[in-house]
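The values are calculated or read from the model by the stated rules, or taken from the named source; none is laboratory data. Note that the structure is a prediction, hence the values are computed from the model and not measured. Side chains are part of the model used for accessible areas, which takes the heavy atoms of the whole protein and leaves out ligands, DNA and RNA. Shrake-Rupley method; radii C 1.70, N 1.55, O 1.52, S 1.80 Å.
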Amino acid sequence: EVFKSINPSCACDIAILKNGSLLRVEVTTGRFKPNGSLLYPKHKRENYDILAIVLPSHEIRYTPPLPAT
């Protein structure tokens, strides 16, 4: 089950409930700096389990990386 925040002041953007475990996802935009490193706004780490960084190319990078399925 996936739950989307409807209030911009919520601690995270998406909550995922799978097999009784809750996973909190924060979504943000990012871009690559000229040196190749990823630049994105900082978020409070205690508010999410996974950070989803959406790039201008519509690619999404996850921190920490998602496990292979």
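Just to check I understand the Karplus step: with θ = phi - 60° and J = 6.51 cos²θ - 1.76 cosθ + 1.60, what whole-Hz values come out for region 4-14, glycine and proline as x?
9, 5, 10, 10, x, 8, 5, 5, 9, 8, 9
Rounded, prolate or oblate: pick one for region 10-69, where a ≥ b ≥ c are the square roots of the eigenvalues of its C-alpha gyration tensor, a/c under 1.5 means rounded, and failing that, prolate if a/b is larger than b/c, else oblate.
Prolate shape, in that a/c is at least 1.5 and a/b is the bigger ratio.
Counting only protein chains, not ligands or nucleic acids, how are ILE6, ILE14 ordered by accessible area (probe 1.4 Å), most first?
The ranking, largest first, comes out as ILE6, ILE14.
Heavy atoms only, probe 1.4 Å: what % of the accessible area of the chain goes to carbon and sulfur, would you let me know?
60 percent
Express the accessible area of region 15-69 per residue in Å², computed with a 1.4 Å probe while the remaining protein chains stay in the model.
74 Å²
So how much accessible area does LEU17 have, in Å² to the nearest 10, using a 1.4 Å probe?
It works out to around 60 Å².
When all protein chains stay in place, what accessible area (Å², nearest 10, 1.4 Å probe) is found for SER9?
The value for SER9 is about 100 Å².
Just how many pairs of Lys in the chain have C-alpha atoms closer than 23 Å, counting pairs that are eight or more places apart or on different chains?
Here the count comes out as 5.
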